[in-house]
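Notes follow once the structure below has been shown.
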Amino acid sequence: QVQLVESGGGLVQPGGSLRLSCSASGSIGSIFSMAWHRQAPGKQREFVAVITSSGITTYSDSAKGRFTISRDNAKNTVSLQMNSLKPEDTAVYYCNLARASGPIYWGQGTQVTVSS
């Protein structure tokens, strides 16, 4: 079993920054990728960013240029640096972990609210 715990969410003003972190523990095995998704009220969960074990990153159009995903393989953590935040970035942010095979694991989420 794999456990994922997100942290770093909170309330920030438009234009501000937040850094989210996600720590993985348990029977992690060989990680293929770790990613961030988000879900705003009344909307479906959407992809934000992903980083593979080799460091390849992919971003959604809304995240590109403002968010940076990074990873510490030794500590099994993934972070999301979010800059120039907008009210439409308000959502619960979830991290996930995918291995070469088997299920994808999800954290419980951390709330990010962008408001003045």
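The values are calculated or read from the model by the stated rules, or taken from the named source; none is laboratory data. The shown structure was predicted, so the numbers you read here are calculated from the model rather than taken from an experiment. Cβ coordinates were reconstructed from backbone atoms using ideal geometry, including for glycine residues, and neighbour counts include every protein chain displayed. Note: accessible area is taken over every heavy atom of the protein model, side chains too, but ligands, DNA and RNA are not part of it. Shrake-Rupley method; radii C 1.70, N 1.55, O 1.52, S 1.80 Å.
Results for (1) assigned to a strand (DSSP E or B); (2) open to solvent by less than 40 Å² (accessible area, probe 1.4 Å); (3) more than 21 Å from Ser115 (Cα to Cα), shown as yes or no for each residue.
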| site | (1), (2), (3) |
| --- | --- |
| Gly16 | no, yes, no |
| Gly29 | no, no, yes |
| Ser33 | yes, yes, yes |
| Asp61 | no, no, yes |
| Gln81 | yes, no, no |
| Asn96 | yes, yes, yes |
Lone unmet requirement of (1) open to solvent by less than 40 Å² (accessible area, probe 1.4 Å); (2) at pLDDT 95 or above; (3) over 16 Å from Ser17 (Cα atoms); (4) among the hydrophobic types (A, V, I, L, M, F, W, C) for Leu85: (3)
Of the criteria (1) surrounded by 12 or more Cβ atoms within 10 Å (Cβ to Cβ); (2) over 15 Å from the mean Cα position of the chain (by Cα); (3) more than 18 Å from Ser115 (Cβ to Cβ); (4) of a type in the set (A, V, I, L, M, F, W, C), which one Phe47 fails: (2)
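Does Ala100 meet the test of being out of contact with any strand residue (DSSP E or B) (no Cβ under 6 Å at 6 or more places or on another chain), more than 23 Å from Gly16 (Cα to Cα) and among the hydrophobic types (A, V, I, L, M, F, W, C)? Please lay out each step first, then the result.
Numbers: out of contact with any strand residue (DSSP E or B) (no Cβ under 6 Å at 6 or more places or on another chain): no; more than 23 Å from Gly16 (Cα to Cα): yes; among the hydrophobic types (A, V, I, L, M, F, W, C): yes.
Taking the combined requirement at face value, the residue does not satisfy it.
When residues of the stretch 2-14 are filtered for being closer than 16 Å to Glu88 by Cα, open to solvent by less than 30 Å² (accessible area, probe 1.4 Å) and under 15 Å from the mean Cα position of the chain (by Cα), how many remain?
Initial filter on the stretch 2-14 (closer than 16 Å to Glu88 by Cα): 9-14.
Remaining after also requiring open to solvent by less than 30 Å² (accessible area, probe 1.4 Å): 10, 12.
Okay, now just the ones that are also under 15 Å from the mean Cα position of the chain (by Cα), so 10.
Going through the stretch 2-14 one residue at a time, the tally reaches 1.
Identify all residues within the stretch 98-116 that are of a type in the set (Ser, Thr, Tyr), surrounded by fewer than 17 Cβ atoms within 10 Å (Cβ to Cβ) and in a strand (DSSP E or B); write none if there are none.
Scanning the stretch 98-116 gives a single hit, Thr113.
Every residue, every condition in (1) of a type in the set (Ser, Thr, Tyr); (2) in contact with a Ser or Thr (Cβ under 7 Å, 6 or more places away or on another chain), yes or no:
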position	(1), (2)
Val12	no, no
Ile28	no, no
Met34	no, no
Ser70	yes, yes
Lys86	no, no
Tyr94	yes, no
Gly102	no, no
Qualifying residues in the stretch 18-27 (those that are touching a residue at least 40 places away in the same chain (Cβ under 8 Å) and farther than 21 Å from Ser62 by Cα) - the one least open to solvent (accessible area, probe 1.4 Å): Ala24
